[in-house]
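Taking it in order: structure first as structure tokens, then the write-up.
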Amino acid sequence: GIGKCVAMDLARRNARTILACRSRKRGQAAVEEIRAATGNPAVVLRLLDTSSLASVRAFASAVLREESRLDVLVNNAGISGLPFAITSEGLEQTFATNYLGAFLLTNLLLG
């Protein structure tokens, strides 16, 4: 999708690129594909579920702790067409995933 295309382009430009994915299996496959296509070994996977504010906080904390800087943030996670569901934190799943998670992540990563 769009996120993978953006990550591929950034990796081609030799940028350290962090793929923030819900699925370890699918995320690792994307990392390996991008590394192979670009020759850039600085493409890494970090797990993130934007429907979970706890996951967003943990991800942001790790990025702030492990990375010396962050130049670009692409908020691309999104879902649609799923049946109504409430997250373990009491939030409507689509709203949490598409809006709240990205909003919180952006604000946590701002300098």
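The values are calculated or read from the model by the stated rules, or taken from the named source; none is laboratory data. Treat the numbers as computed from the prediction; the structure is a model and nothing was measured. As a convention, Cβ positions derive from the backbone with ideal geometry for all residues, glycine included, and neighbour counts pool all protein chains shown. Side chains are part of the model used for accessible areas, which takes the heavy atoms of the whole protein and leaves out ligands, DNA and RNA. Shrake-Rupley method; radii C 1.70, N 1.55, O 1.52, S 1.80 Å.
At 20 angstrom or more along the helix axis (alpha-carbon based) and mean Kyte-Doolittle of -1.0 or higher, what helices does the chain contain? Whole DSSP H runs only. Let's see the in-between values first.
Numbers: long enough: 24-38 (21 Å, -0.87).
The answer, listed by residue number, is 24-38.
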Inset, instruction - May I ask you to compute the full-extension gain from Ala62 to Arg16, defined as 0.36 nm times their residue separation minus their alpha-carbon distance, rounded to one decimal in nm? - result: 15.0 nm
Legend entry - Ala42-Arg69 pseudo-label distance in nm [points 7 Å out on the Cα-to-Cβ vector]: 1.1 nm
Legend entry - Simple Cβ-charge dipole of the range 10-91, Lys/Arg +1 and Asp/Glu -1, about Cα centre, in debye nearest 20: 200 debye
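Counting other C-beta atoms within 10 Å, and keeping those with at most 11, which DSSP coil trypsin sites (Lys or Arg not before Pro) do you find in the range 52-100?
The qualifying sites are Arg69.
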Legend entry - Longest to shortest principal axis, alpha-carbon extents of the range 19-68, angstrom: 33, 25, 10
Legend entry - Dipole of the chain, positive end: most advanced residue of Leu91, Ala60, Thr17 [Cβ charges, Cα centre]: Thr17
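Quick one: in the chain, what % of C-alpha pairs are over 21 Å apart? The partial results should precede the final answer.
Numbers: 2291 of 6105 pairs.
Every Cα pair in the chain considered, those over 21 Å come to 38 percent.
Can you tell me the accessible area per residue over the chain, all protein chains present, probe 1.4 angstrom, in square angstrom?
Details: 7080 Å² over 111 residues.
Result: 64 Å² of accessible area for each residue.
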Legend entry - Loop-located chymotrypsin sites (Phe, Trp or Tyr not before Pro) in the range 63-111 whose Cβ has at most 15 other Cβ within 10 Å (DSSP): Phe84
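Find the relative contact order for the range 2-110 and round it to a whole percent, using C-alpha pairs within less than 8 Å whose residues are 6+ positions apart.
It comes to 25 percent, rounded to a whole number.
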Inset, instruction - Determine the calculated [θ] at 222 nm for the chain from helices alone, applying -39500 (n - 2.57) to every DSSP H run no shorter than 4 residues and normalising by the residue count; nearest 500 deg cm²/dmol. - result: -14000 deg cm²/dmol
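Do any GluC sites (Glu not before Pro) in the range 3-111 lie in a DSSP loop with no more than 16 other beta carbon atoms within 10 Å, and if so, which? Before the final figure, lay out each step's value.
On the way: sites: Glu32, Glu33, Glu66, Glu67, Glu89, Glu92; in loops: Glu67, Glu89.
Filter output for the range 3-111: Glu67, Glu89.
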Legend entry - Long-range amide H partners of Val43 with built H, under 5 Å: Thr17
Inset, instruction - Take the alpha carbon gyration tensor of the range 53-96, find the square roots of its eigenvalues, order them as a ≥ b ≥ c, and report rounded if a/c is under 1.5; if not, report prolate when a/b exceeds b/c, else oblate. - result: oblate
